[in-house]
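Take a look at the structure set out below.
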Amino acid sequence: MANPKDAVKEKSMIIQKEMLAKQFNDLSKARETGKKVCYTFVPGNLIELILSFDMLPVYPEINALQSGMRKKSAGYIKDAEKMGHSEDVCTYVKCDIGMMLNGNIGPTGEKLPDPDLLLLSYTGCFTFLKWFENLNRLYPNAEIAMLHTPYQEDGQITQEQIEYMIKQLKEDVIPKFEKVTGKKFDEAKLKKLLDNSVQAEDYWVKILQLAKNKPSPIDAYFAGVYYMGPINTAFRGSEECLEYYKELYKEVKERADQKLLPVTPEGEMKHERFRLVVEGPPNWTNFREFWKIFYDMGAVIVASTYTKVGGVYDLGYRQNPEKPLESLATYCMGCYTNLNLPQRVDLIEKYVKEYQADGFLINSIKSCNSFSAGQLMIMREIEQRTGVPVGFIESDLVDPRYFSYANIKNRLESYFQMLEQRKIILSQESLTV
Amino acid sequence: MNNIEEILSWCEKTAFDLNFNHAKQWKNNDSKRVIVGYLPIYVPREIIHASNGIAVGIMGTGDRKQIIKGDAYYQSYICHLPRGIIELALDNNLEGFDGFLFPAICDCVRNLSGMFKLSKKGKFQRYFDYAQNFDPFIGGTFYKHEMEKVLDDIYNVNGIKATKENLNNAIKLYNINRRLIEEIYDIRQKYPWRLSAVDTYHLLRAGICITVEEHNEILHKILNVIRNERGEAMDNIRVVVSGSFCEQPPVGLIKSIEMAGCYIVDDDFMLGSRWIQGDIADNTDDPLGAITDAYLNQSTFSSCYYDVGNPKGKRLVELVKRREADGVIFSAASFCDPALLDRPEMQKECDVAGVPHINFQYHENTGQFKVIKEQAGTFSDSIKLWA
Ligand code: SF4
Ligand code: SF4
């Protein structure tokens, strides 16, 4: 492992940092500049539509995860519990509500503006509905638009579902945007943004697929959550986003060509001992410690489902600028958590095989039923279908009470031992063949 | 079976027969009959009836079955209901069911639909999405499609298409059913001692395991008895129980609440049977349209129904007033996100309206009610004192 000080900031990192800084700066000045603010969720977000109306997005989940990383979430969660929220429910919601109760101070230390529009694109998680009902009560003056996104229960997106979505967009969602911003819907602008999205999506897929190389040049989970930021949140469709992914692709491709391993907070990894596919969101409160357990053991995550919450582009889906509303509808319905369980299993199986993973690991999140319910069955199915050893750990997104370092480390160490033994057995078998 | 005690004991037995023998016997009498199992909360049972089927509510195992395999399918922080249902499926209790409907109530039930798909339980497994857009041309059209999918599923099993006549007839029968149930609640509002909350619960829960015709007959018989005075009035307070719409509270909990001095004058235990408020038009050329219309405009308030514009807290307070209740008991299953996430706002509305409330959490197989009884007892005493 290289010395931390050797870790150089790559150009893509600088681009992303600047994008974020500008975003928060714009948000802090939204009231002065007259920009309207839209609160919405990450999965199935309609960012191109939001940007086409020159609105600024705020993602409550991102606030929550940043609060987790900044060690603020414990206090926020406590405050939400004090106001009557149960210990048992999604901690993202409680963290966000707690943050609002404490003045809604964003990661830059400045207050986030109140929403002008609450856009509930209710994709892949039932809790979003509850969350927005709560937000609606906290911000009674904000306009609220609901986009009910049908679940892919039959493992496909049907024409009726698309029509339902388009009708909602046309009759309810877009008119609310127009009302809030005082602007007319500009289809040409939306098409241009979608066109940029398509190009960024192409780069994003190529970047993720570079992890098929041995060794993988990226960690598709721990670093993946940084890489996915622009495309999954506030920037998809923008020129900067496209620039970012072009640059990132260039860098990762170079790393792959040079057979370099992923960059971690402590520098570049030197050995790839295990290649893993991971299901479930990461823990944010102890993110670095958590990641370190993996890279210390030479474990690289070559594919993850969490990076697909904003779209499973590697299955071929791309935005379609020619049919903008249909494109948004299909995009919303295609996110990972909107896939049914058989589709999720198929996807993971494909990852294990195509990325030549040594193992499959689930990080089960205590407060997230959308991911967690059914994971043990997913695990069995993957074990049966691929034969790779499966592992299971539990933590939470932003509630530090449910991150037990010792427990997780012990479990992972045993899991890595199991992977090691299997490698030995497999190599012996291949010698005898 | 005319004696009320006999009827109620039959209802209890039928409600908790986890092999659903009554429905299976009904099916066995005709090769074209189907059983469609549905999870909480609501599905339009009319469409199943009209397709020569029986809709059977699968409300979990309660404390009637030891969960062994089901626990291996769920992490400890997931509610109890789906593990019981998986146990039933793995133990072949649901053998003979032709299909399953998983209403859009939460991500656990949603993902359970996928687990049934993966393990190929039944001939169809369908997630039944509730429209969350209430415009008739948008959400209405979508909802109608959802029903049509179910009708196609059943048609693929038994070859029977639900005709307009059959649909209208089914609507008629369920209208009667809802009216009779409401009459029981109305009587219990004034004279809760005439039929205990536990008996009412058994009566309603049996109704989701038998045909609507049979249930209507039973309800008639019970009503004929409780329209007249029986039992003995106690100095109890009146409460509405809220939050138990999916994973059901153990019967011991319901009993404990009443024994602690609280008459339950309304609740959401068997919410699916009471989902549509009032009648659905039963003589139209478009019965699916009529059911859709009722879903859009006559649904009760619920945690799985987007409530902006008509918040459920306010509707709960209205219900409390209509039932002349003294307070609310929020009673939700542990780890039930929909119920628990709604609770603070609903409590706030109660506070604003001056309605006292307490809350519990339970698992369907909770066995100890001492604490709950004490809490409910203190609640009852304090209300009596202030009153
Ligand atoms: S339940 Fe999971 S997907 Fe839903 S809001 Fe919470 S963390 Fe996000
Ligand atoms: S009890 Fe609550 S969380 Fe569990 S399945 Fe029912 S609605 Fe979902």
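The values are calculated or read from the model by the stated rules, or taken from the named source; none is laboratory data. All figures in this text were calculated on a predicted structure; none of them were measured in a lab. All Cβ positions, even for glycine, are placed from backbone atoms using ideal geometry, and neighbour counts span all protein chains on display. We work out accessible area using only protein heavy atoms, side chains counted, and drop any ligands, DNA or RNA first. Shrake-Rupley method; radii C 1.70, N 1.55, O 1.52, S 1.80 Å.
Look at segment A:295-314 and say how many of its residues are more than 23 Å from residue A:49 (Cα to Cα), out of contact with any Pro (no Cβ under 7 Å at 6 or more places or on another chain) and in a helix (DSSP H, G or I).
Selection size over segment A:295-314: 2.
Looking at A:44, A:84, A:103, which one is more than 16 Å from ligand 1 (Cβ to nearest atom), part of a loop (DSSP other than H, G, I, E, B) and either touching a strand residue (DSSP E or B) at 6+ places or on another chain (Cβ under 7 Å) or in the same structural domain as residue A:333 (by TED's automatic domain parsing) (or both)?
None of the others qualify; the one that does is A:103.
Quick one: in segment A:70-81, of everything that is within 14 Å of chain B (Cβ to nearest Cβ) and within 14 Å of ligand 1 (Cβ to nearest atom), which residue is surrounded by the fewest Cβ atoms within 10 Å (Cβ to Cβ)?
In this case the residue turns out to be A:80.
Which of (1) over 19 Å from the mean Cα position of the chain (by Cα); (2) of a type in the set (Val, Ile, Thr); (3) at pLDDT 95 or above; (4) closer than 15 Å to residue A:127 by Cα does residue A:97 not meet, given it meets every other one?
Among (1) over 19 Å from the mean Cα position of the chain (by Cα); (2) of a type in the set (Val, Ile, Thr); (3) at pLDDT 95 or above; (4) closer than 15 Å to residue A:127 by Cα, residue A:97 violates only (3).
Checking the conditions here, which among A:124, A:106 is out of contact with any Asp or Glu (no Cβ under 8 Å at 6 or more places or on another chain), within 16 Å of ligand 2 (Cβ to nearest atom) and at pLDDT below 90?
Of A:124, A:106, the one residue that is out of contact with any Asp or Glu (no Cβ under 8 Å at 6 or more places or on another chain), within 16 Å of ligand 2 (Cβ to nearest atom) and at pLDDT below 90 is A:124.
Checking residue A:378 against (1) free of Cβ contacts under 8 Å to residues at least 24 places away in the same chain; (2) within 16 Å of ligand 1 (Cβ to nearest atom); (3) of a type outside the set (Asp, Glu), which test does it fail?
It is condition (1) that residue A:378 fails.
So which of B:110, B:126 is part of a helix (DSSP H, G or I), free of Cβ contacts under 8 Å to residues at least 40 places away in the same chain and not hydroxyl-bearing (Ser, Thr, Tyr)?
Selected residue: B:110, the only one of B:110, B:126 that is part of a helix (DSSP H, G or I), free of Cβ contacts under 8 Å to residues at least 40 places away in the same chain and not hydroxyl-bearing (Ser, Thr, Tyr).
Kindly provide the set of residues from segment B:45-78 that are over 27 Å from residue B:153 (Cβ atoms) and of a type in the set (A, V, I, L, M, F, W, C), ordered by number.
B:67, B:68, B:72, B:78
Please state which one of B:123, B:144 is within 11 Å of another protein chain (Cβ to nearest Cβ) and open to solvent by 10 Å² or more (accessible area, probe 1.4 Å).
Going through B:123, B:144 in turn, just one is within 11 Å of another protein chain (Cβ to nearest Cβ) and open to solvent by 10 Å² or more (accessible area, probe 1.4 Å): B:144.
Within segment A:359-380, how many residues are open to solvent by less than 30 Å² (accessible area, probe 1.4 Å) and either touching a strand residue (DSSP E or B) at 6+ places or on another chain (Cβ under 9 Å) or away from ligand 2 (no atom under 16 Å from the Cβ) (or both)?
13
Across segment B:17-61, what is the number of residues that are open to solvent by 10 Å² or more (accessible area, probe 1.4 Å) and either among the small types (Gly, Ala, Ser) or part of a loop (DSSP other than H, G, I, E, B) (or both)?
11
Of the residues B:288, B:296, B:319, B:341, which is in a helix (DSSP H, G or I) and within 16 Å of ligand 1 (Cβ to nearest atom)?
Matching residue, one of B:288, B:296, B:319, B:341: B:341.
In segment B:308-326, is there at least one residue being in contact (Cβ under 8 Å) with a residue 24 or more places away in the chain, open to solvent by 10 Å² or more (accessible area, probe 1.4 Å) and within 16 Å of ligand 2 (Cβ to nearest atom)?
No: segment B:308-326 contains no residue that is in contact (Cβ under 8 Å) with a residue 24 or more places away in the chain, open to solvent by 10 Å² or more (accessible area, probe 1.4 Å) and within 16 Å of ligand 2 (Cβ to nearest atom).
Identify, by number, the condition in (1) of a type in the set (Asp, Glu); (2) free of Cβ contacts under 8 Å to residues at least 12 places away in the same chain; (3) not in a loop (DSSP other than H, G, I, E, B) that residue A:96 doesn't meet.
(2)
Residues to consider are A:211, A:145; find the one that is within 14 Å of chain B (Cβ to nearest Cβ) and in contact with a Pro (Cβ under 9 Å, 6 or more places away or on another chain).
The unique qualifying residue is A:145.
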